[in-house]
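The values are calculated or read from the model by the stated rules, or taken from the named source; none is laboratory data. Bear in mind that the values here come from a model prediction, so they are computed numbers and not experimental data. Positions of Cβ are generated from backbone atoms using ideal geometry, with glycine treated the same way; all protein chains shown enter the neighbour counts.
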Amino acid sequence: MQSWRASLLHFNEDGLAQYESDGLLVTGPNEAGKPTILAAGSHASLAALFASVPCTHLPGRLIAPGFVDMHVHYPQLDVIGSPAEGLLPWLNHYTFPHEAQFSNAEHAAEVASFFDELMRHGVTTALTFATSHPTSVNALFEQAQKRGLRLITGKVLQDRHSPDGVRDQTEQSLIDTEALIKKWHGVDRLGYAITPRFAPSSTEAQLRGAGELAAAYPSTWVQSHVAENLEEIAWARGLFPDSRSYLSIYADHGLMRERAVYAHCIHFDDDDRALMRDTATAAAVCPTSNLFLGSGFFDFAGAERVPFAHGLASDVGGGTSFSPFVTMRAAYFAGREGQTKPGLSLSPERLWWLHTAGAASALGLEGVVGNLQPGCEADFVILNPQATPLLARRTSQAENLAELLFAMIVLGDDRAVERTVIAA
Ligand code: GUN
Ligand code: ZN
């Protein structure tokens, strides 16, 4: 067992922020021997109980749950910041040629830098796209396993409208997917996500096969993209004219269920929102990507009006940063679009929840990651609110929790992440 004394931020079951200015976090093995949060609360209330546990005292630091990135592409590390008119030219000119290199196992070993970036930015759980090559999936899982990280990924399915080098074969793609599920899903902290890239790049047969696998392996995740860009939507609708909407294509192929996660979900109507809600499907909201590619703005008010699960994601490399601070900041700006009532677009506590406990809950991992409640896996970040001169100046004047969190969201980046602790 070990303990840390610092300020603590975590969330209760209703998603409300809990803050201890002088807190104690105690970690140690649970009955199964897995590193777990054993207690989190005020130092005054816990110190006597855990007096014999070695304690690291971190004055001036804030301990918070490790961040959860609901949608990121590991093979797009070198695609970040590639300028394009919009999604489809960006995919064709930069992303597909880049991903084609991941058939090579040596290139796939680039994965090590991906994990370095996640850790440097305080991300401890990620739902990640690999490429269409099984080598890329094996490389990713092997590295995550070595680092003890909780990671969910899968081989991308894309058997049409994709260039040579990334396009796969329908039958083989489904055989490969099932073999990878059997090899990796549920091993240590790893999970498999059935990963059709997006409806326009899969045949009906591939989507149907993916849906059958999603039914046969209900504890796996499903991940894809939807309703990101107007040109993409028109294309998808033309290819699947029998489906009510772009989103319905996935429902019509058995790809909407608990643990299904769709990136973007921008151009929705209320029937789409109700379909998300009724199928317990979640949205990964990717504001830096949406702003960079000019895709549009996720409708946070719509997702409250017809409520469905959602959380935040970087979407690197459409997204421009691995930093959860940058993503929360962009979500705040995106939430200003279409705002009809006066007030904040999203509160800082809510933004933080959407990237930690809320994201974990949207992934079906509530009480497992993304929080510091007893029983959660012991992943957390040690943040330094004095990391830069301006952060120090601004946070020292914060008069309450909202002001402290807002200052960190607006001014923070990887420099504020002093240490990322995995499975302590
Ligand atoms: N739609 C299909 N593939 C992609 C991708 O790689 N990134 C984004 N942002 N959208 C997609
Ligand atoms: Zn994406």
query = When you scan the stretch 186-215, how many residues do you find that are closer than 21 Å to Asn138 by Cβ and among the charged types (D, E, K, R)?
reply = 3
remark   = Residue set Leu207, Leu239; condition buried (at least 19 other Cβ atoms within 10 Å of the Cβ) and either closer than 30 Å to Ala423 by Cβ or touching a residue at least 12 places away in the same chain (Cβ under 8 Å) (or both); output residue Leu207
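Does the stretch 217-228 contain any residue that is of a type in the set (Asp, Glu), modelled with pLDDT of 95 or more, within 16 Å of ligand 1 (Cβ to nearest atom) and farther than 19 Å from His133 by Cβ?
Going residue by residue through the stretch 217-228, those that are of a type in the set (Asp, Glu) are 228.
Now drop any that are not modelled with pLDDT of 95 or more, which leaves 228.
Narrowing further to those that are within 16 Å of ligand 1 (Cβ to nearest atom): 228.
Retained after the next criterion (residues that are farther than 19 Å from His133 by Cβ): 228.
Within the stretch 217-228, one or more residues are of a type in the set (Asp, Glu), modelled with pLDDT of 95 or more, within 16 Å of ligand 1 (Cβ to nearest atom) and farther than 19 Å from His133 by Cβ.
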task = Scan the stretch 95-127 residue by residue and report those that are free of Cβ contacts under 8 Å to residues at least 60 places away in the same chain and within 16 Å of ligand 2 (Cβ to nearest atom).
result = His98, Phe102, Phe114, Ala126
inquiry  = Just to be sure I understand the filter: pairs with C-beta atoms under 7 Å, separated by 6 or more residues or on different chains, first member in the stretch 66-80 and charged (D, E, K, R), second member away from ligand 2 (no atom under 11 Å from the Cβ). Which pairs pass?
reply    = Asp69/Val123; Asp69/Ala126; Asp78/His98
request  = Kindly indicate whether any position in the stretch 389-407 is surrounded by fewer than 20 Cβ atoms within 10 Å (Cβ to Cβ), within 16 Å of Ser7 (Cα to Cα) and charged (D, E, K, R).
outcome  = yes
remark   = Reported set for the stretch 303-358 where residues are touching an Asp or Glu at 6+ places or on another chain (Cβ under 7 Å) and within 16 Å of ligand 2 (Cβ to nearest atom) is Ala313, Ser314, Phe322
inquiry  = Name the single residue that is farthest from ligand 2 (Cβ to nearest atom) among those in the stretch 69-90 being under 19 Å from Gln101 (Cβ atoms) and part of a helix (DSSP H, G or I).
reply    = Asp78
ask   = Would it be correct to say that Ser162 is closer than 29 Å to Trp235 by Cβ and outside any helix (DSSP H, G or I)?
value = yes
The stretch 303-326 residues that are touching a residue at least 12 places away in the same chain (Cβ under 8 Å) and within 14 Å of ligand 1 (Cβ to nearest atom), paired with ones that are hydrophobic (A, V, I, L, M, F, W, C) and part of a helix (DSSP H, G or I) (beta carbon under 6 Å, 6 or more apart) = Gly317/Val79; Thr320/Phe292
message = Just the residues that are part of a helix (DSSP H, G or I) and in contact (Cβ under 8 Å) with a residue 40 or more places away in the chain, please, taken from the stretch 368-402.
response = Leu401, Ala402
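Pull up the stretch 174-193, narrow it to residues that are in a helix (DSSP H, G or I) and touching a Lys or Arg at 6+ places or on another chain (Cβ under 7 Å), then point me to the one that is surrounded by the fewest Cβ atoms within 10 Å (Cβ to Cβ).
Here is the first cut: in the stretch 174-193, the residues in a helix (DSSP H, G or I) are 174-184.
Narrowing further to those that are touching a Lys or Arg at 6+ places or on another chain (Cβ under 7 Å): 176-177, 180.
Numbers: Asp176: 18, Thr177: 28, Leu180: 20.
Checking each candidate, the answer is Asp176.
So which residues in the stretch 230-264 are more than 25 Å from Thr177 (Cα to Cα) and either within 20 Å of the chain's Cα centre (by Cα) or assigned to a helix (DSSP H, G or I) (or both), if there are any at all? Spell out how you get there, then give the answer.
Taking the stretch 230-264 as the starting set, the residues that turn out to be more than 25 Å from Thr177 (Cα to Cα) are 230-235, 237-238, 241-245.
If the condition is that a residue be more than 25 Å from Thr177 (Cα to Cα) and either within 20 Å of the chain's Cα centre (by Cα) or assigned to a helix (DSSP H, G or I) (or both), then Leu230, Glu231, Glu232, Ile233, Ala234, Trp235, Arg237, Gly238 are the ones that fit.
From the set of residues in the stretch 267-294 that are outside any helix (DSSP H, G or I) and surrounded by fewer than 23 Cβ atoms within 10 Å (Cβ to Cβ), which is farthest from ligand 1 (Cβ to nearest atom)? Walk me through it before giving the result.
Applying the first criterion (outside any helix (DSSP H, G or I)) to the stretch 267-294 yields 267-269, 279-286, 293-294.
Add one more test, that the residue is surrounded by fewer than 23 Cβ atoms within 10 Å (Cβ to Cβ), and what stays is 267, 269, 279-280, 294.
Working: His267: 13, Asp269: 20, Thr279: 21, Ala280: 23, Gly294: 12 Å.
The qualifying residue farthest from ligand 1 (Cβ to nearest atom) is Ala280.
Of all residues being outside any strand (DSSP E or B), in contact with a strand residue (DSSP E or B) (Cβ under 9 Å, 6 or more places away or on another chain) and among the hydrophobic types (A, V, I, L, M, F, W, C) in the stretch 26-46, which is nearest to Leu149 (Cα to Cα)? Just the residue, please. Working first, answer last.
If we filter the stretch 26-46 for residues that are outside any strand (DSSP E or B), which is where we start, we get 30-34, 43-46.
This time we only want the ones that are in contact with a strand residue (DSSP E or B) (Cβ under 9 Å, 6 or more places away or on another chain), so: 30, 34, 43-46.
Subset that is among the hydrophobic types (A, V, I, L, M, F, W, C): 44, 46.
Values: Ala44: 32, Leu46: 28 Å.
Looking at the filtered set, the residue picked out is Leu46.
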